[in-house]
């Protein structure tokens, strides 16, 4: 019973402390409310870049398996061979980390600049244009990496996405 009494005591203290520092909690909530869309965009771009990076790992692993005379490695085999490709320095963690951070920073700067341009000119939707371009470029990169990894089902999708985004055929 003493254990339940301790839980009740801690719960009571927690509930009683909710109003403490309400000004900071209110300000923090307002900031989060204002930045919610931006946080979602940042998270989405981070996820896209991470998926692109993983797809690049798969492509590099696939090429390593092909160089080892493995006849048409499957997607699963390529994924399983990623640690080996890393050990052989085919996948360079430092370089990939640098590319990842560079892409994220470039995306953030581009979206912020577009947001300022929208504000200055009067909501021309440069932000949406930049976001659509960056997202479609990342999508194309992911599809190209998987195509290079021998995922033949995506081969036709590469040219379709290039046509839709205005990229080179």
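Any chance the range 15-32 includes a residue that's within 30 Å of residue 111 (Cα to Cα), assigned to a helix (DSSP H, G or I), out of contact with any strand residue (DSSP E or B) (no Cβ under 8 Å at 6 or more places or on another chain) and in contact (Cβ under 8 Å) with a residue 40 or more places away in the chain? Working first, answer last.
Initial filter on the range 15-32 (within 30 Å of residue 111 (Cα to Cα)): 24-32.
Imposing the further condition that a residue be assigned to a helix (DSSP H, G or I) reduces the set to 24-32.
Next, only the ones that are out of contact with any strand residue (DSSP E or B) (no Cβ under 8 Å at 6 or more places or on another chain) stay: 24-32.
From what's left, in contact (Cβ under 8 Å) with a residue 40 or more places away in the chain: none.
So far as the range 15-32 goes, no, none of its residues is within 30 Å of residue 111 (Cα to Cα), assigned to a helix (DSSP H, G or I), out of contact with any strand residue (DSSP E or B) (no Cβ under 8 Å at 6 or more places or on another chain) and in contact (Cβ under 8 Å) with a residue 40 or more places away in the chain.
Confirm whether residue 39 is closer than 25 Å to residue 101 by Cβ, at pLDDT below 90 and out of contact with any helix residue (DSSP H, G or I) (no Cβ under 7 Å at 6 or more places or on another chain).
Numbers: closer than 25 Å to residue 101 by Cβ: yes; at pLDDT below 90: yes; out of contact with any helix residue (DSSP H, G or I) (no Cβ under 7 Å at 6 or more places or on another chain): yes.
Here the answer is yes, as residue 39 does meet what is asked.
Of all residues in the range 41-89, those being part of a loop (DSSP other than H, G, I, E, B) and surrounded by 16 or more Cβ atoms within 10 Å (Cβ to Cβ) number 2. Could you tell me whether any residue of the range 135-157 is without any contact (Cβ under 8 Å) to a residue 60 or more places away in the chain, assigned to a helix (DSSP H, G or I), surrounded by fewer than 18 Cβ atoms within 10 Å (Cβ to Cβ) and within 16 Å of the chain's Cα centre (by Cα)? Looking for residues that are without any contact (Cβ under 8 Å) to a residue 60 or more places away in the chain, assigned to a helix (DSSP H, G or I), surrounded by fewer than 18 Cβ atoms within 10 Å (Cβ to Cβ) and within 16 Å of the chain's Cα centre (by Cα), one finds at least one in the range 135-157, hence yes.
The values are calculated or read from the model by the stated rules, or taken from the named source; none is laboratory data. Everything numeric in this text was worked out from a predicted model, so none of it was measured. Cβ sites come from the backbone with ideal geometry, for glycine too, and all protein chains shown count toward neighbours.
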